[in-house]
Amino acid sequence: MAFRFQSWQVYIDARTLKKEVNKILIAYPVEEKYLLVDQTRRAMLSVLLQIAEGSERKTEKDKSVFINRSLTSLFEVVACLDSAFDDGYISQDQHIYFMEKTENIGKQLRGLDKYITNHNKP
């Protein structure tokens, strides 16, 4: 792979989640196209972009900032999925499935941030 972040499990899992989320967004009502659908897509894309952008930052502090941004974008995805569930756009089974996936990615991001933060400590 050309860029090291492309081999990171958290990036791979986030890409997979993005594809799965995009599939369900197709079934949302048309009136949600520029609201919940757009917001969910942008938040999910932001998870990936922040991982990529932070991967080659020069300082641990700077890398950590981008990993934290990725995590907060993931929280936004969770809120969008909660809203979709509340509005009946996804089933309880789908909601549970996506919550498990987002929780796993969140754990990976927290672990990556911890690794980055502690990597150069004596």
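Data for the structure
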{"read-out": "Those chymotrypsin sites (Phe, Trp or Tyr not before Pro) in the stretch 1-43 that DSSP places in a loop and that have at most 15 other beta carbons within 10 Å", "value": "Phe3"}
{"read-out": "Degrees, to the nearest 10: 92-119 long Cα axis against longest axis of the chain", "value": "10 degrees"}
{"read-out": "Members of Lys23/Lys61; Lys18/Lys114; Lys33/Lys114; Lys19/Lys61; Lys23/Lys63; Lys33/Lys101 lying beyond 26 Å, as alpha-carbon distances in this model show", "value": "Lys23/Lys61; Lys33/Lys114; Lys19/Lys61; Lys23/Lys63"}
{"read-out": "Cα-based helix-to-principal-axis angle, 60-86 vs the chain, degrees rounded to 10", "value": "10 degrees"}
{"read-out": "Heavy-atom surface of the chain, accessible at 1.4 Å and reported per residue (Å²)", "value": "61 Å²"}
{"read-out": "Full-stretch length increase - Lys33, Glu76 - with 0.36 nm per residue and alpha-carbon distance subtracted", "value": "13.8 nm"}
{"read-out": "Cα-based helix-to-principal-axis angle, 38-54 vs the chain, degrees rounded to 10", "value": "10 degrees"}
{"read-out": "Solvent-accessible area, 1.4 Å probe, carbon plus sulfur percent, for the chain", "value": "54 percent"}
{"read-out": "Residue-averaged [θ]222 nm for the chain, counting only DSSP H segments that reach four residues, each worth -39500 (n - 2.57)", "value": "-25500 deg cm²/dmol"}
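The values are calculated or read from the model by the stated rules, or taken from the named source; none is laboratory data. Quick caveat, the model's predicted, so the values are computed rather than measured. Glycine also receives a Cβ, built like all others from the backbone with ideal geometry; neighbour counts cover every protein chain displayed. What goes into the accessible areas is simple: the full protein's heavy atoms, side chains included, and nothing from ligands, DNA or RNA. Shrake-Rupley method; radii C 1.70, N 1.55, O 1.52, S 1.80 Å.
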